[in-house]
């Protein structure tokens, strides 16, 4: 092979290494880096000039109890596969990777070592952020403030549920306080001194969430031997937020664990008994989720032994003043302020606004307003965050629709009630879509529903641009 051919081959190898979506780090027999690809530079936050042709230990710091896998392989000549390693770069930033490390041998001599790495730094942090920890829950039913009959009923249902270990399904839009109810149920139950663990099912991909839920026995990308959230919550409560974000196959495995009260780790061969109370939440009507094939019907029946429905804030307007005062008092304490109340203009605006973000949005608005105040004692419209004030038209859109000619459905003959409701809903959605130039987000906001809910109804009623 000619020198030109060798140079061409080297260029091709280099290009391939740069394009691979895994970190590649190669050291020679003197422990100096000779290959360091783009993905590895991204994982470790280093430039090629910081690492290339430098001794590994001059650039990276390893825990005394955990020698570098590259150096281990260079020393022993034995491959190390699927090992998690945590270390620090020259700037002190922590890095966690899953490594496959192999010796490079020529004529029976070890001339170097190559490491293929997968970054799990963010994953490790994400897992910890989603685990609410034993003994660190503080919400009780006393923290739930409402004069709305539906919320009072939800509180009473939840209180009765504290006496048993039956599964609970909490239904409510994002920001309505579903986790507050879940923690209150746990803290009011005999399990209150046991772990309360929370996991948002939409926060992690399906390829990882099975290991996180049920644990792994060493062949997953998470760890050599990791107990899952069910095992960590044993004796206590596991909250699975946004249960419909799980794939249907995972929902099937979850159903088995609930029914049999035992689980099998990923890649495991034996079943482990678990004693866990399961609380799940969903942000849309579960019947709609079942119809849209996002929630298994059998899992729904198993979860909804106790069902708690939390109405959105727009349906409990009598609570707005009460909640506003609660948040004012809360941030007075945190900020060392002495704000008294809202002025009448703000109260009226709050009452007319539709609150798509629910109680959480109200709290953020109050907090934002108080950050803009100095010595005033009353929150006025000008104190409200500009991003919120700019929504002035949004909260009224659904009411304005009623004023637009042609929005009311008037059949020529008297129809059965169920048929009229379906035709009226179809007609109204079509008109709303026309009014917003078929923009799904704007239409959903005006109609006071989620994008997913609107899209489901568009499919259900076969509503398309060509149909109206």
From Cα pairs below 8 angstrom and at least 6 apart in sequence, can you work out the relative contact order of segment 3-119, rounded to a whole percent?
25
May I ask you to derive the FRET efficiency for residue 42 and residue 249 from their Cβ-Cβ distance with R0 = 30 Å, giving the value to the nearest 0.05?
0.40
Helix 451-460 axis, angle to the chain major axis (alpha carbon atoms, nearest 10°)
70
P(r) histogram, all alpha-carbon pairs of the chain included - 20 Å bins from 0, percent:
19, 39, 33, 9, 0
How long are the semi-axes of the ellipsoid equivalent to segment 317-392, from square roots of 5 times the Cα gyration tensor eigenvalues, in whole Å, largest first?
18, 13, 11
Provide the gained length on full extension for the span residue 52 to residue 259, in nm with one decimal, where the gain is 0.36 nm per separating residue minus the Cα-Cα distance.
69.0 nm
Relative to the longest principal Cα axis of the chain, at what angle does helix 3-19 sit, 0 to 90 degrees, rounded to 10?
30
Over the alpha carbons of segment 1-101, what is the largest minus smallest coordinate on each principal axis, giving the biggest first in Å?
47, 29, 23
Relative contact order of segment 317-392: what whole-number percent is it, with Cα pairs under 8 angstrom and at least 6 residues apart?
34
Stretched out fully, how many nm does the piece from residue 332 to residue 67 gain, at 0.36 nm a residue minus the Cα gap?
90.3 nm
The chain - share of DSSP beta bridges that are antiparallel (%, nearest 5)
60
Helix 149-161 sits at what angle to the longest principal axis of the chain, using alpha carbons and giving 0 to 90 degrees rounded to 10?
50
For segment 257-323, compute Rh as the Kirkwood radius over C-alpha pairs and then the Stokes-Einstein diffusion coefficient at 25 °C and 0.890 mPa s; write the answer in µm²/s, rounded to an integer.
162
For residue 142 and residue 290, what does the FRET efficiency come to when R0 = 51 Å and r is the distance between their Cβ atoms, rounded to the nearest 0.05?
0.90
Here the relative contact order (percent) of the chain, from C-alpha pairs under 8 Å and at least 6 apart, is 11
Fully extended, how many nm does the chain gain between residue 75 and residue 377 (0.36 nm per residue separation, minus their Cα-Cα distance)?
101.7 nm
What distance in nm lies between label points placed 7 Å from Cα along the C-beta direction at residue 5 and residue 30?
3.1
Rounded to the nearest Å, what's the spacing between the alpha carbon centres of segment 140-208 and segment 255-298? Just the number, please.
17
Using r as the Cβ-Cβ distance of residue 344 and residue 459, and R0 as 35 Å, what FRET efficiency do you calculate, to the nearest 0.05?
0.20
So what is the calculated 222 nm ellipticity per residue for the chain, using -39500 (n - 2.57) for each DSSP H run with n of 4 or more, over all residues, to the nearest 500 deg cm²/dmol?
-12000 deg cm²/dmol
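Values quoted throughout were computed directly from the atomic coordinates according to the rules given, and no laboratory measurement underlies them. Note that the structure is predicted; figures quoted are calculated from it, not measured. In this analysis, Cβ positions are derived from the backbone assuming ideal geometry, glycine residues included, and neighbour counts consider all displayed protein chains.
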